[in-house]
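All remarks here apply to the structure that follows.
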Amino acid sequence: MAKFFELIKPNHNIEFSGRMNLFLGLSMFLVTLSIAMLPINHFWRGHTLNYGIDFRGGTEIQVAFSGEQDPGRIRAAMQNNGFKDTEVVKIRDAAFPNTFLLRFGAVSQVSEKQVPEVEAALRASIGADSLRKFDFSEGGDKLYLRFNKPVEPAQIAEVLKSKGIKNNAVQRYGRPEDNAYEVILVGLDVEVRSALEKGLGAGAVHAIPSVESVGAKASSELLADGVKSLLFAIICIMVYIAVRFDFRYGPGTIIALLHDAILVMGAFALTYREFSLVTIAAILTVIGYSMNDTIVVFDRIRENASRLRDKKFDRVVNISINETLSRTILTSATVFFVTLAMNIWGTGVIRDFAFAMNVGVIVGTYSSIFVAAPILIWLNERFFKNVGTKSKASA
């Protein structure tokens, strides 16, 4: 540890202020690139971000194959059997050999768009006014039907089959005079296994360890809630900053937070890694970390602004950054290497969280020095020039 401290001499004086325009320009370029990647991804890849199923909706199935498989053949087998929009991702983990993640839009055999077609087919086959009730929830594995007359279960099964809806059973439920029927649909895992073995050969699928589905309505609500949580966190931080700092110090902190959130999002847009609720949690963590680092630097600037009144304000800022540099590097390195280990050896959503934290720690440390501080200097020159180095910041 002593050798590490020797890398940052106690009396060092690195020139930060003189290079701030260069790094501000770099930040503006990276922010512009991050925002530009959203429409580029929309037209190039189909989605602005690689939303997970909790934001996009659909089903995510983990499939373990009996032997090595080519992602192209897996995709073709799925598409040839009705799963047109399937994404195939290899899980690169020694603990899960020959395992792939399949993601597609369907959440059950029946989609919301199919419901009117199925209702029309039932009325055409059984009677125009025969169907009294059709209950179905997206993502469910059952249909509930009620007619105004008795109907043979086999007739209902035949109509559903004509619409490509497979079922395990059609059975009466409730009182006989209710003419109510329960249709138990074939699960998506069974359909996926059948599609893959039809395209890749019998026994190609060893196991299907997990199946996760989120309906379109639920996913849109989750996405809206995720955005609201980010906005709410930023608003709360702005209120705190308004109390903690004055006009000279506050804007730099807020812009640094926005800068960090946008760059983390841009990293996910550029690499097209999965963007999920876990990523939102990581961005919120990054925002809190970045604000803490910026406050440490700004507190030292406020102290030195009162103590070093004979120096220009940009020199005070440069001295303050140098004085807090050791603490900044030590704290950032600790968080970075812990999350780097999670990123290297972690799996699934843990790795995505760690990736966001890796990027966030770097840009958070960077923004405290090269985004927040230059804005502070500019505001001081623009609005507090005649005040000199006297700090008007509130305690």
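Ellipsoid fit via the Cα gyration tensor, region 316-381: semi-axes of 30, 13, 5 Å, each the root of five times an eigenvalue, largest first. With contacts taken as Cα pairs under 8 Å at a separation of at least 6 residues, region 115-186 carries a relative contact order of 30 percent. Rounded to the nearest 20, the size of the Cβ-charge dipole of the chain about its Cα centre is 1300 debye, with Lys and Arg at +1 and Asp and Glu at -1.
Look at LEU200, LEU230 and count the other Cβ atoms within 10 Å of each Cβ; fewest to most, that gives LEU230, LEU200. Rounded to the nearest angstrom and listed largest first, the equivalent-ellipsoid semi-axes of region 115-186 from its Cα gyration tensor are 16, 14, 11. Shape class of region 70-202 from the Cα gyration tensor (axes a ≥ b ≥ c, square roots of the eigenvalues): prolate, since a/c reaches 1.5 or more and a/b is larger than b/c. Rounded to the nearest 5, the antiparallel percentage of DSSP beta bridges internal to the chain is 95%. Projecting the Cα atoms of PHE65, HIS47, ALA269 onto the charge dipole of the chain (Cβ charges, centred on the Cα centre) puts ALA269 farthest toward the positive pole. Here the dipole of region 53-182 is about 180 debye; that uses its Cα centre as origin and unit charges on the Cβ of Lys and Arg (positive) and Asp and Glu (negative). Helix 277-307: angle to the longest alpha-carbon principal axis of the chain, degrees 0 to 90, nearest 10? Helix 277-307 sits at roughly 10 degrees to that axis.
Distance from the Cα centroid of region 275-292 to that of region 349-379 is 11 Å (rounded to whole angstrom). Amide H to amide H, with H built 1.01 Å from N, HIS206 comes under 5 Å of ALA64, PHE65, SER66, counting only residues 5 or more places away or on other chains. Does a label point 7 Å from the Cα of ILE255, set along Cα-to-beta-carbon, have any residues of region 22-36 with amide nitrogen under 12 Å, and which are they? Counting backbone N atoms under 12 Å from the label point, the list is 24-25, 27-28.
Among the chymotrypsin sites (Phe, Trp or Tyr not before Pro) found in region 99-203, those both in a DSSP coil and sparsely packed, with 16 or fewer other Cβ atoms within 10 Å of their Cβ, are TYR173. Comparing Cα centroids, region 18-90 and region 165-194 end up 35 angstrom apart. Shown in residue order for region 196-204 are the 3J(HN,Hα) couplings computed by the Karplus curve 6.51 cos²θ - 1.76 cosθ + 1.60 at θ = phi - 60°: 5, 6, 5, x, 10, x, 4, x, 5 Hz (x for Gly and Pro). With respect to the chain, whose longest principal axis is taken over its alpha-carbon atoms, helix 216-244 is tilted by about 20°. Around the Cα centre of region 59-127, unit charges on the Cβ atoms of Lys, Arg, Asp and Glu (plus for the first two, minus for the last two) sum to a dipole of about 100 debye. Taking the C-alpha atoms only, the angle from helix 153-162 to the longest principal axis of the chain is near 60 degrees. Exceedance of the 20 Å cut-off in Cα-Cα distance is limited, within the set LYS166/LYS198; LYS142/LYS198; LYS113/LYS166; LYS84/LYS166; LYS142/LYS163, to LYS142/LYS198.
Label separation (GLN79 vs ILE234): 3.8 nm, computed from points 7 Å beyond Cα along the C-beta direction. Computing FRET efficiency as 1/(1 + (r/R0)^6) for GLU158 and VAL89, where r is the C-beta to C-beta distance and R0 is 35 Å, gives about 0.40.
Modelled spin labels at GLN114 and LYS312, positioned 7 Å past Cα toward Cβ, are 7.2 nm from each other. Exposed loop sites here mean GluC sites (Glu not before Pro) with a DSSP loop assignment and at most 11 other beta-carbon atoms within 10 Å; the chain contains its longest site-free run at 69-395.
None of the figures in this text is laboratory data; all of them are computed from the coordinates on show. Source: prediction; values computed, not measured. Every residue, glycine among them, receives a Cβ derived from its backbone with ideal geometry; neighbour counts consider all protein chains shown.
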